[in-house]
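Trainee: Sharing a structure, written as structure tokens. Questions coming.
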Amino acid sequence: MLFSQDVRKSATLPKVQSADYLLLFKQKTEIDYWVKSNAFPSPLQELSICCWFTLEADVVYPLTYTTMTDGVLNHVNFGIINERIMFRMSLPVYSKKRVIHGWTKQPGVWHSACVTWESADGVIALYTDGTLKKRETGFHNGSTILSGGTLVIGQVQGSFGGDFDVIQAFKGSLAGVAIYDRAITADEVTTYSKSCKLNTGNLFKWSDIGLGQLYGETVDVIQPATCP
């Protein structure tokens, strides 16, 4: 369940028709986030997630997606922990974390990251700044990401759409989030890594931000974006 209305404050979300903006999460709090219900209209057997960000804390989660089936919570978590990209799914059994070393944290410096997944052989690939850092098979092969779940930007969901943890909350700048219902190619990742303003993603593109709701008191929408 999402936080009740009396403990969260709707933030100003101007109309955006391009990807030339960023979300600035100025502090780690459990009340700053963007949320969209029924985020994925169809079940997925392939998925790609890309985003641009600056690192301002050791543990942050740019986005998470959850579904609930017969009381079982299913996760797709994309995080950055101690300068390492972390991707993990529970469908419904938790996988081991897929982790790669990213970079040395430099506040204010922009980076891009992408992860792609295919159910057929469980192929997962992780990229930082357009470069493939890890590719392996057997990651949730044969599994399906269910439709109708809740997509949250800026927090990790401890329960369906809520139960946020301030320790894991996002702090820093976030831009150019793109989500696809397929495993994008290495060439597409390279293209994505050259600009945060491409506005790609057939499940979610950055200009779709108005389809959800932004909450919080210390998150700002900044136009134009300062990323490459």
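Trainee: How much of the accessible area of the range 48-203, in percent, comes from carbon and sulfur atoms when a 1.4 Å probe is used?
Mentor: Reported share for carbon and sulfur atoms: 48 percent.
Trainee: If you don't mind, another one. Just need the relative contact order of the range 140-228 here, percent rounded to a whole number, with Cα pairs under 8 Å and 6+ apart.
Mentor: With pairs under 8 Å counted, the relative contact order is 23 percent.
Trainee: Another one. Calculate, in whole percent, how much of the Cα-Cα pair population of the range 101-161 lies beyond 12 Å.
Mentor: 75 percent
Trainee: May I pose another question? Does the range 30-162 come out rounded, prolate or oblate, given a ≥ b ≥ c as the square roots of the eigenvalues of its C-alpha gyration tensor, rounded meaning a/c under 1.5 and, failing that, prolate meaning a/b above b/c?
Mentor: oblate
Trainee: Sequence neighbours fewer than 8 away in the same chain don't count; with that in mind, list the aspartates and glutamates whose C-alpha is under 19 Å from Lys134.
Mentor: Cα-Cα hits under 19 Å: Glu46, Glu83, Glu118, Asp121, Asp187, Glu188.
Trainee: Going by Cβ distance under 4.7 Å, what cysteines of the chain have no possible disulfide partner?
Mentor: Cys with no partner Cβ under 4.7 Å: Cys51.
Trainee: Then there is this: In percent, what relative contact order does the chain have, based on Cα pairs under 8 Å that are 6 or more apart in sequence?
Mentor: 37 percent
Trainee: At q = 0.15 Å⁻¹, what log₁₀ I(q)/I(0) does a Debye calculation on the Cα points of the range 114-228 give, no solvent, two decimals?
Mentor: Debye intensities relative to I(0), on a log10 scale: -0.85.
Trainee: Could you state the accessible area per residue of the chain in Å², with a 1.4 Å probe and every protein chain left in place?
Mentor: Spelled out: the 1.4 Å probe surface of the chain, per residue, equals 43 Å².
Trainee: Report which label in (i) 24, 21, 16; (ii) 32, 23, 15; (iii) 58, 20, 15 holds the value of semi-axes √(5λ) of the Cα gyration tensor in Å derived from the coordinates of this structure.
Mentor: Computed from these coordinates, semi-axes √(5λ) of the Cα gyration tensor in Å corresponds to label (i).
Trainee: Determine the alpha carbon to alpha carbon distance for each of Lys36/Lys205; Lys171/Lys205; Lys28/Lys133; Lys36/Lys171; Lys171/Lys197 and list only those over 23 Å.
Mentor: Pairs exceeding the cut-off: Lys28/Lys133.
Trainee: If we count every other residue with Cβ under 13 angstrom of Lys26's Cβ, Lys/Arg +1 and Asp/Glu -1, where does the sum land?
Mentor: Around Lys26, the surrounding residues sum to -2.
Trainee: Evaluate the charge dipole of the range 90-221 about its Cα centre and quote only its size in Debye, nearest 20, assuming +1 on the Cβ of each Lys and Arg and -1 on the Cβ of each Asp and Glu.
Mentor: Computed charge dipole of the range 90-221: roughly 380 debye.
The values are calculated or read from the model by the stated rules, or taken from the named source; none is laboratory data. Keep in mind that what you see is a predicted model, and the values were worked out from it rather than measured. In this analysis, Cβ positions are derived from the backbone assuming ideal geometry, glycine residues included, and neighbour counts consider all displayed protein chains. Only protein heavy atoms, including side chains, enter the accessible area calculation; ligands, DNA and RNA are left aside. Shrake-Rupley method; radii C 1.70, N 1.55, O 1.52, S 1.80 Å.
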